[in-house]
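J.: Before we start, here is the structure in question, set down as structure tokens.
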Amino acid sequence: MRARRRGRRLSRMRGEGRVRRYILDRIRERGALHMTLIDPDKTGPEEAAEIGRAAYRSGTSAIMVGGSIGVSESMTDEIVLAIKREIDIPVILFPGSPTALSRHADALWFISVLNSQNPYFITGAQMQGAFIVKRYGLEALSLGYIIVGVGGAVSIVSYTRPLPFNKPEIVAAYALAAEYIGFDFIYLEGGSGGKPVPAEAVALVRKAVSIPILVGGGIRDPETAYRLVRAGADIVVTGTIVEESSNVEDALRGIVEAVEKGARDRVKG
């Protein structure tokens with residue numbers, strides 16, 4: 001019941017762009033926030049509901065649902081519905097393909113993989129999914145997706161040549177181009193299971209752009225989350241940690257607290 005009461009703010013919001021407003025309001029209020037990523041290929045509905053409850057109690061601001069491979073619409077539906085029965089914070093799709101959409105979600109990241117070598121992942125898949133998004137009435141959050149470092153499975157699937165960690169100026173150039181094109185958010189992806197995006201790269205991107213920056217991939221401890229937010233990240237996304245941790249709530253609470261501390265120290269600095 002506590003989770004339901006604390007989440008009423010989203011339920012009261014109505015009309016177009018409610019999830020976008022929710023995210024931007026939280027960034028303004030808190031300085032930065034945390035989102036939990038659940039992969040339907042690795043997590044069943046019951047486990048997803050349990051993770052959702054634990055993540056909510058830890059202070060996460062939204063649940064993202066998606067994966068790079070092996071995810072169908074029915075799998076996504078089951079995960080989204082299981083989570084939404086338990087908590088009332090946004091459930092946002094993070095689709096690896098147009099087949100992984102769900103009409104039951106609150107919104108989706110409408111992703112363009114900016115440094116893919118295959119146009120399909122820049123505009124082709126987006127064209128295929130656009131009318132499905134419209135038909136389902138999903139709120140689309142436009143996201144310029146930039147893969148860096150090793151890149152992980154997502155770089156292989158999306159035919160991407162990841163940008164090297166030691167070339168942060170190129171990462172910043174891609175991010176600025178994304179803002180000029182008109183994206184509302186930027187995602188810096190280090191790849192699941194790999195090394196996190198360096199704080200130096202995040203800081204350079206922060207100087208270049210004015211839109212919110214999401215950072216994900218390889219973030220497994222509070223210290224890393226703190227450094228990324230202190231450098232300029234607005235949203236920290238963690239996924240692997242909820243699959244590997246024996247105590248999801250405690251693991252995420254430490255990261256959420258680090259995100260909040262990073263935001264406070266960034267303001268002071």
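Taken together, the values in this text are just the output of simple stated rules run on the coordinates, not laboratory data. Quantities reported herein were computed from a predicted structural model and do not represent experimental measurements. Because the Cβ atoms are built from the backbone with ideal geometry, glycine has one as well, and the counts that use them run over all protein chains shown.
J.: Checking the table K42/K167; K207/K268; K84/K195; K42/K268 against a 28 Å threshold on Cα-Cα, which pairs fail? Before the final figure, lay out each step's value.
T.: Working: K42/K167 33 Å; K207/K268 17 Å; K84/K195 31 Å; K42/K268 40 Å.
Exceeds cut-off: K42/K167; K84/K195; K42/K268.
J.: Under the Karplus relation 6.51 cos²θ - 1.76 cosθ + 1.60, θ = phi - 60°, what is the ordered set of whole-Hz ³J(HN,Hα) values for region 236-241, x standing for Gly and Pro?
T.: 3J(HN,Hα) across region 236-241, in whole Hz: 9, 10, 10, x, 4, 4.
J.: Based on the Cβ-Cβ distance from L81 to S210, what FRET efficiency comes out when R0 is 41 Å, to the nearest 0.05? If you can, show how the numbers build up before the last one.
T.: Values: r = 36 Å, r/R0 = 0.88.
About 0.70, to the nearest 0.05.
J.: Shifting gears a bit: When Lys and Arg each count +1 and Asp and Glu each count -1, what net charge do the other residues less than 9 Å away from G59, Cβ to Cβ, add up to?
T.: Details: positive: R57, R253; negative: E257, E260.
Taking every Cβ under 9 Å from that of G59, the sum is 0.
J.: If you don't mind, another one. Counting other C-beta atoms within 10 Å, which of T36, T76 has the fewest, and how do the rest follow?
T.: Numbers: T36 27, T76 24.
Final ranking by Cβ density, sparse to dense: T76, T36.
J.: Under a crude label model (7 Å from the Cα following the beta-carbon direction), how far is S245 from R264 in nanometres?
T.: Reported label-point gap for S245 and R264 is 1.9 nm.
J.: Sticking with this one: Given R₀ = 30 Å, what would the calculated FRET efficiency be for K167 paired with E223, taking r from the Cβ atoms and rounding to 0.05?
T.: Numbers: r = 24 Å, r/R0 = 0.81.
For R0 = 30 Å, the calculated efficiency reads 0.80.
J.: Further, regarding this structure: I'd like to compare 59-67, 166-174, 195-203: which one has the highest average count of other Cβ atoms within 10 Å, and what's the full order after that?
T.: 59-67, 195-203, 166-174
J.: While we're looking at this one, here's another question. Can you tell me the Rg and the Dmax, both Å, for the Cα atoms in region 212-269?
T.: Cα only, region 212-269: 11.0, 35 Å (Rg, Dmax).
J.: I would also like to ask the following. Please list 3J(HN,Hα) in residue order for region 202-215, calculated via the Karplus relation 6.51 cos²θ - 1.76 cosθ + 1.60 where θ = phi - 60°; whole Hz, with x for glycine and proline.
T.: 4, 4, 5, 5, 4, 5, 8, 10, 10, 8, x, 10, 9, 10
J.: Determine how many Å³ per residue the convex hull of the Cα atoms of region 10-113 encloses.
T.: Numbers: hull volume 10.9 nm³, N = 104.
Once divided by residue count, the hull of region 10-113 is 105 Å³.
J.: I've got another one for you. What number, in percent, do you get for the relative contact order of region 2-268 if the mean sequence gap of Cα pairs under 8 Å and at least 6 apart is divided by its residue count?
T.: Working: 574 pairs, mean separation 49.0, N = 267.
Result for region 2-268 is 18 percent.
J.: Starting from one equal scatterer on each C-alpha and no solvent at all, send me the Debye-based log10 I(q)/I(0) for the chain at q = 0.09, 0.11, 0.14 Å⁻¹, two decimals.
T.: Cα-only, vacuum Debye calculation for the chain: -0.35, -0.54, -0.92.
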